[in-house]
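Presented below is the structure to which this report refers.
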Amino acid sequence: MNEGKTLNQVWLKASVLGSLWASSEIVLGSFLHNLKIPFSGNILTAIGIILLISVAFHWKEKGLFWRAGLICALMKAISPSAVIFGPMIAIFCEALLMEIAVQIFHRTIVGYLLAGMLAMSWNFVQFILNYLIMYGFKIFNLYVDVFHFIEKQLHISVSSPWLLILILIFIYVIMGLLTSLIGIYIGKKINKAHIPLKSLSVEEVQKIKQTPVVSDFPFSLNWLFINVFLILTVFILMGFASWKIWITVGLMVVIIWFLRYPNNFKRLLKPAFWLSLLIIAILSALVYYEANKTMYALTSGLIAGVEMNIRAIILIVGFSVIGTELRNPAVGHFFSNTSFKNSQIAVELAFATLPDILAAMPSIKDFLKKPLNKIWEMISYIDFWLEKAEFKMLSKENIVIITGTEKTGKSTVLMELVDWLQEHKYRIAGFVSPSVVENNIHVGYDIIDLQTRQRVILSRVENEWFKPHVGNYYFNTEGIAMGNKSLSIDYVKHADIVVVDEIGPWELKHQGWAHGISILLKEYQNPMLWVVRESLVDKVISYYSLKNPCIIHIKDEDKFQKIWLFLHTTSK
């Protein structure tokens, strides 16, 4: 985010929720529409209802629904469908109706049930309104005439031609009611459940270390409009041109993006991604062939599968590159003095968040196997995505990073700095994690609370399968608990400096000390001193959106002077 941008909590949360809603429209919507699944629009509406209601149990802000709907609708503007105006209206109206319901009946079971019924029924209402706008009121006369004609042909008698419409509305109401109940169930489940500590294998740790960090980028407003134009062009060609044309154009667009945005293609390098594309193509071919057992049907199905795959590639990369260009300071400056400031920043945040959410989306196969479980898993990480959005808004400045390569004495140097700072009357909180060596062999780490000087085991290399592990280190629950306590805001509120030793791959996966660090970034105003291994410094700075951190290598001879100067210029 750009310097000087602020966003209140309701818009901040709406940007994340709207991005999550948009991701379901993008991934699942493309799949449903391309396979011509009946009632696909209703399925997408149901997912939107479930998302809003379930998150409402966790986020209580008023106005969250309509704002999330607005953001999702705006993001829908560059969705895979050639027809976007109708879906955009539908998304916003559904969210607005849900907002009205919870405003009148509050966040009660009645309010949620009414919200779901109204949102689902809007699909049918909008369908009727579309025909009314296109053909005028005479369309109703035509409907009555056709209805009576069918009565005569089938030799049946119905009390009123409007009975069918009432039955359909009733069906939509029941669908909305059932969907609301699912949202309520998931919302209550999320409030009770907590995301457990997840281990990281040696391979996952290496992958985090080796993942490149996006450097400063030459933003361009021209490229922002070009990217939107390229996405729309590909999708329009998919609807109206032959497959040879849109495949050629699609590949050319991907090549153009690769030349300008090579760092945005990392998600396409995953084997699992290409495997899912292959599965979709095969499933599509089989579905078409089963309906009409001819080679033409098989070919048509395969082409439809390829089309879905190209849509997926265009969307994943397309939203990513648009999100990159939306970080252009010129975009923020244009809206900064208008009444659209909050919505613009929220949409920018939503686009910046969307690639992370898309990468975390379950595969279509996994979703179809356990749809409710997968929806619950996605919503469970809503706070994680919110925190990343908050970091972008904060751009914290008063952070010192002590760095060096692994096992080179970072904690030893850190303890020397801590002692030196305490001699100069600084109140220190947090913890250090000194290395433990037995018989000249490195066996793990301990953790020392800097306020009490209590020392307990943090990790060891012994394989204890029941403990969470990162790489080769298995973590002691007592050590984790003490570290979390030493970083709690109430525990450190009187300290001048908080020390965290260290921030590594676990924290970059929202584990370890991640929760305590995020609270400190938001609520602790004094400087913090972090230990980060050299290979992860850029990633940590990027992950937490730090602004101009003071980076000190343990081998720097003037490290004490650097810290002293930095503390004097950043302390309150």
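Counting beta carbons within 10 Å around each of F351, F39, F57 and listing the fewest first gives the order F39, F57, F351.
Shown here for region 373-458: chymotrypsin sites (Phe, Trp or Tyr not before Pro) in loop regions (DSSP other than H, G, I, E, B) with at most 14 other Cβ atoms within 10 Å, of which there are none. Cβ-Cβ distance of N463 and Y426, R₀ of 56 Å, FRET efficiency by 1/(1 + (r/R0)^6): the value works out to about 0.90. In this structure, the residue pairs whose Cα-Cα separation is over 30 Å, taken from K369/K392; K388/K485; K13/K559, are K369/K392; K13/K559. Bridging of K407 to aspartates and glutamates at a Cα separation below 17 Å is possible for E416, E438, D446, D501, E502, E534, D556, once same-chain residues fewer than 8 apart are set aside.
Taking 51 Å as R0, compute the FRET efficiency from the Cβ-Cβ separation of T248 and R107 and round it to 0.05.
0.50
With the cut-off at 1.5 for a/c, could you classify region 383-483 from its C-alpha gyration tensor as rounded, prolate or oblate? The shape class here is oblate. The stretch between A481 and F127 holds 121.9 nm of extra length on full extension. This uses 0.36 nm per residue minus the Cα-Cα distance. For region 401-503, applying the loop criterion from DSSP together with a ceiling of 13 other beta carbons within 10 Å to the GluC sites (Glu not before Pro) yields E406, E462, E464. Taken over the Cα atoms of region 396-570, the convex hull encloses 115 Å³ per residue.
Ordering V456, I428, V418 by Cα displacement along the dipole of region 396-570 toward the positive end leaves I428 in first place; charges were set at the Cβ atoms of Lys, Arg (+1) and Asp, Glu (-1). Take the convex hull of the alpha carbons in region 218-326; its mean projected area over all directions comes to 7.1 nm². Remark: for residue pairs K493/K562; K467/K509; K189/K522; K60/K396, the C-alpha separation exceeds 20 Å in K493/K562; K189/K522; K60/K396.
Listed peptides 254-263, 520-529 appear in the order 520-529, 254-263 once ranked by packing, highest mean of other Cβ atoms within 10 Å at the front. Straight-line cross-link reach from K374 at under 20 Å between alpha-carbon atoms covers these aspartates and glutamates, not counting any fewer than eight positions away in the same chain: E25, D356, D366, D383.
Under a 5 Å amide H cut-off, with hydrogens placed 1.01 Å from N, Y473 pairs with nothing among residues at least 5 apart or on other chains. To the nearest 0.05, how large is the calculated FRET efficiency for T233 and I89 if R₀ is 30 Å and r is the Cβ-Cβ distance? My answer for the efficiency is 0.80.
Taken together, the values in this text are just the output of simple stated rules run on the coordinates, not laboratory data. No experiment lies behind these values; they were computed from the predicted model shown. Cβ: placed from backbone, ideal geometry, glycine included. Neighbour counts: every protein chain shown.
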